[in-house]
Amino acid sequence: MGFKLFLLFEKFLMILPKAVRKSFFTFLATLAYYISSRYRKVGFINLDFIFEDKLTHKEKEDIVKYSFRNLLLNFFHLMEMRHISKEELAKKITIKNKEIVDAIHSQNRAIIYVTPHYCAWEMGGISIGAFIEPVSVVFKKMKNKEYEKWVLESRSSFGNGSFEKTNVIKPLINLIKKGGASGILIDTSINKREGIEVEFLGKKVFQTPSPAYLARKYNAAIVPATMISTDEENYELIFFDEIPIQRTDNEKEDIQKATQLQADWLSSLIYKEPKFWFWIHRKFKGDYPQIYKK
């Protein structure tokens, strides 16, 4: 019953002018910042942990507020993607460095797009599917199955697919062998058993080695990608240089180096513009659980 009401509310929102819809979601973001002391606190803890006194309290407050805003804007994008045409989406998007992807395609190699929770991540993944190639994105199962279905339907609006994170390696291998593209988030919290240690934002953390393992074994290309916007109206889908993979006799070391390069890329991105990263999730809970107990 609750989800049906949500769908009715979605229909009502989509009747309204876009500016009104956006204002509604940004209002919710402001409300969430003041009501959700738990996630507000997580944001400040993360920023204190990474930047210490290099940022003022006001700067950290602005970043945490924007994290709430950005989360609701991503939800707003998911809703809009269900009701927008490819032509309308194209008017919002500029693609930068497409030649990187074209060069890899000319070599008949599969691409593993690595991306973080950074700025317009939902629209970014959907736009790759709309304007570059269909992408099967790895996701973590949700508690609410009706909402999960809604999210996955939104993400598949222009041809994308999805793989649930549990036992995902075999489906990814099959996809890569067929030349298909996949998308993997590299900034989620991961435990020691599943990850390998890298330096990220100046801290030792565990990160998924899957992109490096798959790229090395099946000659796929790791291409970092993000979607950014300075005005929340016009968006730039950016592809970055392929992460190189060594193929020596030491497989473990090759995978370690390639995974560290991904962490270096993401660290550089966040240091350049920290407000766009999703600071209000407990990224470091598996590596430094004590910081969240303060």
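The values are calculated or read from the model by the stated rules, or taken from the named source; none is laboratory data. Every value quoted in this text rests on a predicted model; they were computed, and no experiment measured them. Note that each Cβ is placed from the backbone with ideal geometry, even for glycine, and that neighbours are counted across all protein chains shown.
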Just give me the residues in region 130-172 being surrounded by fewer than 18 Cβ atoms within 10 Å (Cβ to Cβ), assigned to a helix (DSSP H, G or I) and under 15 Å from the mean Cα position of the chain (by Cα), in sequence order.
Val151, Leu152
Give the residues of region 233-265 that are exposed (fewer than 15 other Cβ atoms within 10 Å of the Cβ), under 18 Å from the mean Cα position of the chain (by Cα) and farther than 16 Å from Ile186 by Cα, sorted by residue number.
Asp241
From the set of residues in region 268-277 that are under 14 Å from the mean Cα position of the chain (by Cα) and in a helix (DSSP H, G or I), which is surrounded by the fewest Cβ atoms within 10 Å (Cβ to Cβ)?
Ile270
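Regarding Asn97, is this residue modelled with pLDDT of 95 or more and either more than 24 Å from Ser267 (Cα to Cα) or surrounded by 18 or more Cβ atoms within 10 Å (Cβ to Cβ) (or both)?
Taking the combined requirement at face value, the residue does not satisfy it.
Residue-by-condition table, conditions (1) farther than 13 Å from Val223 by Cβ; (2) crowded, with 21+ Cβ neighbours inside 10 Å; (3) of a type in the set (D, E, K, R):
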{"residue": "Gln107", "(1), (2), (3)": "no, no, no"}
{"residue": "Tyr113", "(1), (2), (3)": "no, yes, no"}
{"residue": "Pro116", "(1), (2), (3)": "yes, yes, no"}
{"residue": "Trp121", "(1), (2), (3)": "yes, yes, no"}
For region 87-128, give me the residue count where each residue is assigned to a strand (DSSP E or B), aliphatic (A, V, I, L, M) and closer than 13 Å to Pro224 by Cβ.
3
Search region 50-65 for residues that are within 18 Å of Tyr292 (Cα to Cα) and pair each with any residue that is among the acidic types (Asp, Glu) and not in a helix (DSSP H, G or I) when their beta-carbon atoms are under 7 Å apart and the residues are at least 6 apart or on different chains.
none
Could you check region 45-65 and list, in sequence order, the residues that are crowded, with 18+ Cβ neighbours inside 10 Å and under 22 Å from Lys203 (Cβ atoms)?
Ile45, Asn46, Leu47, Ile50, Lys60, Ile63, Val64
